[in-house]
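J.: Quick one: the structure is below, questions incoming.
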Amino acid sequence: MLPPQKKPWESMAKGLVLGALFTSFLLLVYSYAVPPLHAGLASTTPEAAASCSPPALEPEAVIRANGSAGE
């Protein structure tokens, strides 16, 4: 006797699911195996990061801005 024949869409669906799982697994392994790439290493230095931040206010300037220095 012949075994029952599978429908063609069942085989295709099984292949697509297995392919998606395998691709996801490979992407996960790749993301842990490869170190991240930094586009601009010069921009990650502390000097470059400090130049982008606003200047810190003096404590007296903060008190004067709030208007509570004269009280």
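Rule-based calculations on the coordinates, nothing more; no lab input. All values reported here derive from a predicted model rather than from experimental measurement. Cβ coordinates were reconstructed from backbone atoms using ideal geometry, including for glycine residues, and neighbour counts include every protein chain displayed.
J.: Could you order the peptides 17-23, 5-11, 31-37 from most to least packed, using the average number of other C-beta atoms within 10 Å per residue?
T.: The most tightly packed comes first, giving 17-23, 5-11, 31-37.
J.: For the pair LYS7 and TYR32, what calculated FRET efficiency results from E = 1/(1 + (r/R0)^6), where r is the Cβ-Cβ distance and R0 = 35 Å, to the nearest 0.05?
T.: That gives a FRET efficiency of 0.35.
J.: Could you give each residue of segment 10-26 its phi-based ³J(HN,Hα) in whole Hz, using Karplus coefficients 6.51, -1.76, 1.60 with θ = phi - 60°, and x for Gly or Pro?
T.: With the stated coefficients, segment 10-26 comes to 5, 5, 5, 5, 5, x, 5, 5, 5, x, 5, 5, 5, 5, 4, 5, 5 Hz.
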